[in-house]
Amino acid sequence: MSGVTCRVAVGPEDLDACFGVRKEVFVAEQGVPEDIEYDEYDGGAVHVLAVRAEGGGALGTGRLLTGDAAVVKNGDPDVGVGALGRLAVLRSARGLGVGAALVAAIEGAARERGLHAVDLHAQTHALGFYERLGYVAYGAEFLDAGIPHRAMRKALR
């Protein structure tokens with residue numbers, strides 16, 4: 001996608017940008033309580049940040065959990081499965097391919113870490129987005145932060 005760069009967040013400035021996007025999208029826009037938006041997994045997560053290629057302004061973010069954290073989030077004992085989560089794109093950047101670019105970057109980070117699949121918990125309104133990217137829903141619908149979700153998985157090649 002032209003004009004946007006996705007990269008693994010490094011340093012406090014990048015992390016602040018990631019958390020700022022999440023606050024705008026999940027807390028302010030969707031009404032997720034701030035005390036559950038940020039969790040004990042953030043410290044060990046791989047955070048990915050989408051920024052404008054020129055100017056560097058944050059457009060979106062997402063995170064990848066690996067190892068034991070992913071096992072807990074996925075509910076699957078397979079440590080070779082990562083957990084993609086907290087994918088958020090600012091309203092002004094939606095429809096520009098930022099979300100798909102973030103997912104591709106997170107999948108790349110998963111491959112680099114030797115993972116063979118990625119799970120996620122998708123808000124039900126976003127199922128089609130993830131299906132277009134190769135994810136398959138499984139299990140029953142459930143509520144997370146009062147929002148309907150479905151579990152999804154994609155095998156990495």
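Laid out as a table, the results:
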{"item": "Filtered residues of segment 96-137 (kept if β-branched (Val, Ile, Thr) and more than 16 Å from Arg63 (Cβ to Cβ))", "result": "Thr124, Val136"}
{"item": "Qualifying residue in segment 139-153 (condition: closer than 25 Å to Val51 by Cβ, hydrophobic (A, V, I, L, M, F, W, C), at pLDDT 95 or above and surrounded by 13 or more Cβ atoms within 10 Å (Cβ to Cβ))", "result": "no"}
{"item": "Residue under evaluation Ala50, criteria (1) hydrophobic (A, V, I, L, M, F, W, C); (2) touching a helix residue (DSSP H, G or I) at 6+ places or on another chain (Cβ under 6 Å); (3) at pLDDT below 95, criterion not met", "result": "(3)"}
{"item": "Filtered residues of segment 104-121 (kept if crowded, with 21+ Cβ neighbours inside 10 Å and outside any helix (DSSP H, G or I))", "result": "Leu115, Val118, Asp119, Leu120"}
{"item": "Residues of segment 67-103 satisfying the condition of being under 13 Å from the mean Cα position of the chain (by Cα), small (Gly, Ala, Ser), part of a helix (DSSP H, G or I) and closer than 17 Å to Cys18 by Cβ", "result": "Gly99, Ala101"}
{"item": "Test: Arg52 is within 19 Å of Leu120 (Cα to Cα), of a type in the set (Lys, Arg) and in contact with a strand residue (DSSP E or B) (Cβ under 8 Å, 6 or more places away or on another chain)", "result": "no"}
{"item": "Qualifying positions in segment 77-100 - buried (at least 20 other Cβ atoms within 10 Å of the Cβ) and of a type in the set (A, V, I, L, M, F, W, C)", "result": "Val81, Ala83, Leu84, Leu87, Ala88, Val89, Val98"}
{"item": "Selection status of Glu131, at pLDDT 95 or above, crowded, with 17+ Cβ neighbours inside 10 Å and outside any strand (DSSP E or B)", "result": "no"}
{"item": "Residues within segment 47-67 that are within 25 Å of Ala140 (Cβ to Cβ) and either loosely packed, with under 15 Cβ neighbours inside 10 Å or touching a residue at least 60 places away in the same chain (Cβ under 8 Å) (or both), tallied", "result": "0"}
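Every residue, every condition in (1) farther than 18 Å from Gly99 by Cβ; (2) at pLDDT 90 or above; (3) not hydrophobic (A, V, I, L, M, F, W, C), yes or no:
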| position | (1), (2), (3) |
| --- | --- |
| Gly3 | no, no, yes |
| Val21 | no, yes, no |
| Asp42 | yes, yes, yes |
| Arg63 | no, yes, yes |
| Gly82 | no, yes, yes |
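The values are calculated or read from the model by the stated rules, or taken from the named source; none is laboratory data. Worth saying up front: this structure is predicted, and the values here are computed from it rather than measured. So basically every Cβ, Gly included, is an ideal-geometry build from the backbone, and we count neighbours across all protein chains shown.
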